[in-house]
Amino acid sequence: MNYKTVMKLMDVKTLVAGVIPVFLGSIYSWYSFNKINLIYFILLIIAIILVQSATNMINDYFDFKRGVDDENKEREKVLVSREVTLGQVRVFIIFNKIIAFIIATFIASQTSYYILLVVLFGFIISILYAFGPLPISYTPLGEVVSGLTMGIGITTTVTYIHSGIFNLNTVLLAVPTSIYIGNILLSNNLSDMKVDKKAGRKTLPLFLGRKNSERLWVFNVIMLFLLTLILLLLDLYPKSVLLVVILLFPYRSISNFLSYEKSIDTKERTMQIIGKIGLRYHLAVIIGLLISIIFE
């Protein structure tokens with residue numbers, strides 16, 4: 001098994017969904033509460049990459065066993081291309097979960113054992129997402145569940161680990177990230193509509209229809225701007241955040257997204273667009289917070 005196979009198995013393009021909340025929660029704790037622990041920050045990055053990778057593997061594992069993934073997904077699914085076996089995937093999942101749990105236990109021992117309850121809840125969700133008589137990924141709730149657990153769940157927990165504070169403000173801070181993460185899954189499901197319909201899935205795009213799903217995608221992207229302004233008015237963000245967001249946001253992404261038909265063949269393009277939006281938006285927020293930290 002080579003490096004490229006491992007990266008493909010981890011589904012690296014999706015890891016941004018987990019890493020972004022760690023960065024945001026850490027920097028916001030520094031900005032709002034003047035508290036940040038670099039050791040925790042590094043360990044959290046490692047843990048979330050392991051957890052997100054394991055979740056991707058669990059999803060691919062059960063999709064492959066059900067016969068959902070066919071030759072159309074050979075380029076992105078290592079089980080379909082026979083680059084790994086089911087046994088090897090099980091080993092990777094168990095290894096990732098164990099190392100992540102060890103990290104979580106250490107952090108909990110230094111902060112609060114509440115963290116382990118969050119980890120347990122996340123583990124249950126990652127299983128239910130792909131396993132059971134009605135996996136979450138087979139329903140229209142996938143975007144909502146992933147947005148809430150990864151966007152709000154991870155961001156607020158990371159802020160709490162650094163600062164010891166959990167309140168309404170830390171939840172509100174995470175709402176734009178929650179919407180963005182939901183949009184990542186919406187992008188993925190839009191591309192997979194034909195495959196998902198054949199597999200018997202009832203994802204959100206299949207429930208809403210292609211055009212309405214694309215409208216929802218655009219609405220969610222616009223909401224990133226509006227929510228940033230609201231957070232500024234609520235005094236949760238400094239003015240520098242909105243200024244940098246205005247300067248760095250990839251405005252052409254919306255027109256680019258609407259300019260072509262979404263399918264498995266254009267999936268890479270769709271995921272690149274949503275990835276670019278998330279990276280530039282959250283980079284702008286983080287830069288804005290850092291400017292405020294440095295100059296105020």
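Which order do the peptides 100-108, 232-240 come out in when sorted by mean C-beta neighbours inside 10 angstrom, highest first?
Going by the mean number of other Cβ atoms within 10 Å, highest first, we get 100-108, 232-240.
According to the square roots a ≥ b ≥ c of the eigenvalues of the Cα gyration tensor, what is the shape class of the range 132-224, taking rounded for a/c under 1.5, prolate for a/b larger than b/c otherwise, and oblate for the remainder?
Oblate, because a/c is 1.5 or more while a/b does not exceed b/c.
With viscosity set to 0.692 mPa s and temperature to 37 °C, compute the Stokes-Einstein D of the chain, Rh being the Kirkwood radius across alpha carbon pairs; µm²/s, no decimals.
My calculation gives 166 µm²/s for D.
Looking only at Val22, Val144, Val158, which one moves most when the chain is put into a Gaussian network model with springs between Cα atoms under 10 Å?
Val144
Given the options Gly151, Gly209, Gly142, state which has the largest fluctuation in a GNM of the chain using a 10 Å cut-off (strictly under) for Cα springs.
With Cα springs under 10 Å in the chain, the top fluctuation among Gly151, Gly209, Gly142 is at Gly209.
What is the order of Leu38, Leu116, fewest Cβ neighbours within 10 Å to most?
Leu38, Leu116
Which of Asp192, Asp11 comes first, and how do the rest follow, when ranked by fewest Cβ neighbours within 10 Å?
The most exposed by this proxy come first: Asp11, Asp192.
Using the alpha-carbon centroid of each, what span in Å lies between the range 79-156 and the range 263-296?
23 Å
Which entries in Lys65/Lys211; Lys198/Lys262; Lys77/Lys197; Lys8/Lys202; Lys77/Lys211; Lys65/Lys198 show an alpha-carbon gap greater than 20 Å?
Check vs 20 Å cut-off fails for Lys65/Lys211; Lys8/Lys202; Lys77/Lys211.
Build a GNM of the chain with springs between Cα atoms under 10 Å: which of Gln272, Gln88, Gln52 gets the top mean-square fluctuation?
Sorting by GNM fluctuation, first place goes to Gln88.
Helix check for the chain. Which DSSP H runs span at least 30 Å along their own axis by Cα, with a mean Kyte-Doolittle hydropathy no less than 0.5?
Membrane-span-like by this rule: 38-66, 86-110, 210-233, 267-295.
What nm distance separates the two modelled labels at Ser112 and Asp235, each placed 7 Å from Cα along Cα→Cβ?
For Ser112 paired with Asp235, the spin-label model returns 2.4 nm.
Nearest 500 deg cm²/dmol is fine: what mean residue ellipticity at 222 nm does the chain get from its DSSP H runs of n ≥ 4 alone, each adding -39,500 (n - 2.57), divided by its residue count?
It lands at -23500 deg cm²/dmol.
For a test of the definition: using alpha carbon positions, the gyration tensor, and the 1.5 limit on a/c, classify the range 203-243 as rounded, prolate or oblate.
Because a/c hits 1.5 or more and a/b exceeds b/c, the range 203-243 counts as prolate.
Rule-based calculations on the coordinates, nothing more; no lab input. Fair warning: this is a prediction, and the values are worked out from it, not measured in the lab. Glycine gets a Cβ as well: all are built from the backbone with ideal geometry, and neighbour counts include every protein chain shown.
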